[in-house]
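Coordinate-derived values only; no laboratory data. Keep in mind the model is a prediction, meaning the values are calculated, not measured. Note that each Cβ is placed from the backbone with ideal geometry, even for glycine, and that neighbours are counted across all protein chains shown.
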Amino acid sequence: MNTKTNTRQLASSATTEKMIAIEKMNKWYGDFHVLKDIDLTVHRGERFVICGPSGSGKSTLIRCINALEEHQEGDIIVDGIKLGKNLKNIDHIRTEVGMVFQNFNLFPHLTILENLTLGPVWVRKMAKAKAVETAMMYLERVKIPEQAHKYPGQLSGGQQQRVAIARSLSMNPKIMLFDEPTSALDPEMIKEVLDVMVELAETGMTMIVVTHEMGFARTIADEVIFMDAGDIVERNNPEDFFSNPEHERTQQFLNQIL
Amino acid sequence: MAIVTLEKTTARPAPLSETTALGWLRINLFSSVFNTVLTVISLYVVYLTVSSVFTWGYLDATFIADNRRECYKNSLTGACWAGIINWFNNMFYGRYPDAETWGVNSAAVILILWMAPLWMSRVRGKILIAVSVVVFYPFLAGYLFAGGAKSLLMNIMVTGAIVAFALNLLNTLAGLFTDTSIKEALIKVLGQSTAAEGTQRKVLFALLVLCFAVVFTLQSNWLVTEVSWTRWGGLFLTFVISGIAMALSLPLGIVLALGRRSELPAVRVLSTGFIEIFRSVPLITVLFMATTMFPLFMPDGFFLNNLVQVIIAVTLFNACYMAEIVRAGLQAIPKGQFEGAHTIGLGYWGTMGLIIMPQALKHMIPNIVGNLIGLLKDTTLVSIIGLFDVLGMLRSISKDVPWLGLHKEPLVFGGLLFFVICFSMSKYSRHLEFKLSAGSRR
Amino acid sequence: MSNESGDRTRSDEFSFFQDQRVRSGFYQVLAVAVVGWLVWYLISNTAHNLEARGMSTGFDFMQVSAGFDIEFKLLEYAPGVGTYADVFKIGVLNTLLISFFAIILSTVLGFFIGVLRLSNNWLVSKVSLAFVEVFRNVPLLIQIVFWYIGVFSLMPAVKKTLDLSFGAERLLLNNRGLYMAWPVPAEGFWMTVLAFGVAIVAALLIRHRALKRQAASGEQSNVLLLSLALLIILPLSVFFATGSPLAWDIPVLEGFNFVGGATVAPAFLALLASLSIYHAAQIAEAVRAGILSVNVGQGEAAKSIGLKPGRVMSLVVIPQAMPSIVPPLISNWMNLVKNSSLAIAVGYPDIVSLFMQTSLNQVGHAVEIVGLTMVFYMLVSLIISALLNIYNKRVQLVER
């Protein structure tokens, strides 16, 4: 295991309220069938970790949840709202769902503080002073309030990723999606980002995390999902998933990365 | 066994061949036989050019004379700069009445004062300054140039321009001396720093309205003598045409570029077609089209004067080139920026206006300056269709009776004038490019 | 909470205009409608105006004979006999002619200056920098007029004609233009041409054989000298063997002017000089940037495996620089063709000055004439950008 996050396992904060419901969802890139008959339900407070080899469709899956990618068949219902051609719904869901990218995607022409207040001010129509206050609160939560007036280019990768997390949080989302948040980071910075994510999990946030950080998965996940070639091959609680993988492909994969 | 050097080697001065002028000469000019031959040939070329230009343009030249014959009396082989000096005013103002040129000059000074704060790091509110220039300045300048009676719109806009200009000056001073914006400075002066945000806003707004009202009444009696556009000319006209065309073609170019990158096929096809048609034909054909076909396009009883036709033509033409610059700038923005904007819930216009355009515009500045240089040079073409821009004025010197046949000197002078303007601008744009690329490496 | 179904119905209610397809369709219809209306409005205004002024439309005027003479033409034409269609063709040919020569000259000069810019000789690189900056930053129109009025019109008068062929009277320059002796092939000249063709084929074969041999045995042979000798000696010997079947039409002074040979007007010379130099300055920058874009390591690697400097350039640097030189080069050619329209300023009868100015002034028909001229330029740029696309495709294929 390559990182030492909290070894204690978090208690599940799952409830019965459905936050994400994916039914028979299919997606193609041209002729290429990326996601095949995906069924997945995530309840409020549940934390899912998705892993799998590259090209297995795991990133595409969570990008579909945020409507960054369009799916062609099946339903995605987020917080009771169906994703489709309805632009109002798409805009609404995007404000409710936070997303953290592999490459941070911070806005380089704005300061850290402006990065955080942009959404609340322009989308949530919050008063500027209030937005700044909330932004500072989130910056403190990710432990870099002193960087507020710097530009993203002046921060290290780990700090940038923590800002990206704070930026998503400042929209007060109901769900957080993480798309390989630590893959672009140097090893010594991975821990600071994972720590922030563990703390976030402790607050009861609904999270879906695409990652290969298995220590992290073991700590926070209610369920670990293994994807391969557009299929959900195996899903299980972390305990059994790691100690006792059932599917042959899962075993192969785990052997390679552990 | 390890080899260890305990003492630090001290740095010694380089051998003379690396540092002295002689060493430099040897390395850069005479490193081989071939190089030496090249050096000698270039020296000869430089000598020939410089000496002949210097002799013609300075040693043998005539600077003071009343007509071309006197020039010849002084020297047959030298330049006759006297003609240029005699026509100096005309070259800059065309046939603009001498008594009214103060209007042109003050418009130029105002523009410089208005824009200068954009380059000062301590001044706040740069976007507002830029917007105020674009919105208000054209009306003030237009009035200073054309004069005459003011319509209601003109009254309002001239007032707005004066107020905006004054505020801009105060804002600059506030920025330079107290490092605050005019807003904060005013609040402080009025002793409202502790008041609620709403009260502050109300006070400022009241102040603004008051200023506007006062200036409006004061300026309504102010009349500038009317000058017909047909008397505009020279470098002044060149700047008017290229300035207006530039200011209008940037927004139009942005619209066209967004259209060309649109996801809607119909919008994309229309924008692409428009851009490609104008980019594939020479400017002169567009100018001819403007002068011959625009009158046919107009409804009954509606006329565009020649100048307006030309400005429309140059604007449409330049907007298509600007669109390609904007498109290149947009393409340079990584896809992740769009996705980042989407995930915090920004729509198309929010994404473009707040995230993409500010970044793209910054990267485009060097290309935009390059385009401005090209536009300035291209504006000389209007002399072909009978406007008296700087080249038109220069060429009419040779038709003036005392200077009949004086062709070469005006052209050389015009070339020099453009060279100075365009070269300094291109140097500046390269400096900007360097600064920007240094910034992105940070 | 059971708001799931409730929320869904709510979102379906206001969804008509929120639907992506509806909205995108709406905007597209709107765009087409606005543009369509504008076009229709302009066309109807034009039709109305034409009618009000009693002007006819259509391309019938192309068959009417034109009353003006044309100074410089590649086709048979006489005023009062030739039609406006002929005028159009002459204009097109003249534009293509000046563009063709200016493209060749500017490209050669541009590569030359671009390489000089990179010379390690400080003086040489600064002189070529000065050349580039001066000619780039002065408007082309000023340069054209200067070459016309300030250089070629100030050449000596006919009586003091300059002889550029050192007394042979084969190449003469005066203020009326450049006069050249022009070869007139006599009977049997075709054999010389044939011999030249054979020599080219033979040279290509020799090169092919040499390359093959090098590939097979590693043996390198210098075939350049052999090919050159073949190319020169074979046609020449055939030429003399068949009794020198080539006469020269030599310009002779008759009265106040030279007659015979080929004449190039000062306007053409001025246009050629200014277009070539102006675009050479731009091409030089493209060449320099292209060569600089090749990683320094490439040159060092080539040197380190022992290639000579010439081979480093020809085998490693230039092939890598070409993909970044060619696109700006070709777009420069396109600009050159467009800029040749400035011919109008010095009276060289290109398509714009002949058709858009003179013809338009004579017969009106602004819409048709402007349209035809623009279509011509669009066709030229379509062809040139097709060239560029072909090149880009080939480069991509190689890079893959």
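So here's what we get for this one:
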{"quantity": "Under 5 Å, built H, 5+ apart or other chain: amide partners of B:Y96", "calculated": "B:G233"}
{"quantity": "R0 of 56 Å, Cβ-Cβ distance C:Q214-A:W28: FRET efficiency to nearest 0.05", "calculated": "0.60"}
{"quantity": "Calculated FRET value between B:N74 and B:Y47, using beta carbons and R₀ = 30 Å, to 0.05", "calculated": "0.70"}
{"quantity": "Shielding by partners - mean other protein chain Cβ count within 10 Å, residues of C:332-340", "calculated": "2"}
{"quantity": "Max mean-square fluctuation residue, GNM over chain B, Cα-Cα springs under 10 Å, options B:P15, B:P410, B:P117", "calculated": "B:P15"}
{"quantity": "³J(HN,Hα), Karplus 6.51/-1.76/1.60, whole Hz, each residue of the stretch C:116-127, x for Gly, Pro", "calculated": "4, 4, 9, 4, 7, 6, 4, 5, 4, 5, 6, 4"}
{"quantity": "Shielding score for C:143-151, defined as the mean number of other chain Cβ atoms within 10 Å", "calculated": "4"}
{"quantity": "Sites C:N120 and B:N305 - FRET efficiency at Förster radius 41 Å, r taken between beta-carbons, to 0.05", "calculated": "0.10"}
{"quantity": "Kirkwood Rh in Å, taken over all unlike Cα pairs in the protein assembly as shown", "calculated": "35.9"}
{"quantity": "A:M99 long-range amide H proximity, modeled H, under 5 Å", "calculated": "A:L177"}
{"quantity": "HN-Hα J in Hz across the stretch B:380-395 - Karplus 6.51, -1.76, 1.60, θ = phi - 60°, x for Gly and Pro", "calculated": "4, 5, 5, 5, 5, 9, x, 8, 9, 6, 4, 5, x, 5, 4, 6"}
{"quantity": "Assigned charges on the beta-carbon of Lys, Arg, Asp, Glu; the stretch B:296-442 dipole about Cα centre (debye)", "calculated": "660"}
{"quantity": "Label-point separation in nm, B:I85 to A:A129, each point 7 Å along Cα→Cβ", "calculated": "6.7"}
{"quantity": "The stretch B:22-38 - phi-based ³J(HN,Hα) in whole Hz, Karplus 6.51/-1.76/1.60, Gly and Pro as x", "calculated": "5, x, 4, 4, 5, 6, 8, 10, 10, 6, 8, 4, 4, 4, 4, 4, 4"}
{"quantity": "Relative contact order (%) - the stretch B:110-259, alpha-carbon pairs under 8 angstrom, separation at least six", "calculated": "28"}
{"quantity": "Label-point separation, B:W24 to B:L432 (7 Å along Cα→Cβ), nm", "calculated": "3.2"}
{"quantity": "Segment B:A116-B:D60, extension gain: residue separation times 0.36 nm, minus the distance between their alpha carbons", "calculated": "16.0 nm"}
{"quantity": "Inter-label distance for B:F177 and C:S221, nm, one decimal - labels placed 7 Å from Cα along Cα-to-Cβ", "calculated": "8.9"}
{"quantity": "Candidates B:D98, B:D66, B:D300, ranked by Gaussian network fluctuation over chain B, Cα under 10 Å, top entry", "calculated": "B:D300"}
{"quantity": "Amide H within-cut-off set for A:G74, under 5 Å, with H built and near neighbours excluded", "calculated": "A:N26"}
{"quantity": "Percent RCO, i.e. relative contact order, over chain C, from Cα pairs under 8 Å lying at least 6 residues apart", "calculated": "22"}
{"quantity": "Helix-only [θ]222 nm of chain C, DSSP H runs n ≥ 4, -39500 (n - 2.57) each, per residue, nearest 500", "calculated": "-21000 deg cm²/dmol"}
{"quantity": "Considering only the protein assembly as shown, percent of DSSP beta bridges that pair antiparallel, nearest 5", "calculated": "70"}
